[in-house]
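First comes the structure, then the notes that go with it.
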Amino acid sequence: MQMHQEMSVDQMRLYQAFVTKSVEAREAEEALRVAMDQEDGGDTHTSETLCDLRRLLADQNFRLSGSECVLLACLSKRLEGEEFTDTKRINILLHSFNRKPSNTTKVVDGMEKKELLEIRSDGLHAHKMYCLTDRGQRHVWALLERLSGSNSSDRLAIVD
């Protein structure tokens, strides 16, 4: 703070030019990072979101409902590039975090009735494929935001 009082006017102008150039360089660096992230399809943001999802699923102190777990797993699969997923893939993912609901198919059917998931099936006994609807995506992003900003002892169900 007192450095400027010890500087001559010429030194202060040079320092001002230095700061201006430093700010311009920092802005250019940040713009480059944003452009690179956009060029690679937002992979950095997607990767960070997947890390957050996995951290939340792994933290057993979060008391997540079956619906919450399925929504988070569906978002994870979507971010990994799978538009439609199935119960087996969701069960494997959730089981790896000790989060598998007692009956994922029942949870999925309930979420379809709430228009959070869209189900596609080739027949009565065919394997069902499903994906998040626009409404489901809004719910899961809101859930992720709420969980990311809380401590793990909070009960934050928005879909049961």
Subset of region 43-85 [buried (at least 17 other Cβ atoms within 10 Å of the Cβ) and acidic (Asp, Glu)] | Glu68
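For (1) in the same structural domain as Leu53 (by TED's automatic domain parsing); (2) touching a strand residue (DSSP E or B) at 6+ places or on another chain (Cβ under 8 Å); (3) at pLDDT 90 or above, each residue gets a yes or a no:
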| position | (1), (2), (3) |
| --- | --- |
| Ser102 | yes, no, no |
| Glu112 | yes, yes, yes |
| Glu115 | yes, no, yes |
| Thr133 | yes, yes, yes |
| Gly136 | yes, yes, yes |
| Arg155 | no, no, no |
| Ile158 | no, no, no |
Just to be sure, is Ala17 among the hydrophobic types (A, V, I, L, M, F, W, C), modelled with pLDDT of 90 or more and either in the same structural domain as Met129 (by TED's automatic domain parsing) or under 16 Å from Leu132 (Cβ atoms) (or both)?
-> no
Per the list (1) under 35 Å from the mean Cα position of the chain (by Cα); (2) farther than 28 Å from Arg78 by Cβ; (3) modelled with pLDDT under 75, residue check on Met1 breaks on (1)
Checked region 75-99 for anything hydroxyl-bearing (Ser, Thr, Tyr) and more than 19 Å from Phe62 (Cβ to Cβ); matches are Thr85, Thr87
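The values are calculated or read from the model by the stated rules, or taken from the named source; none is laboratory data. Small disclaimer: the values here were computed from a predicted structure and weren't measured. All Cβ positions, even for glycine, are placed from backbone atoms using ideal geometry, and neighbour counts span all protein chains on display.
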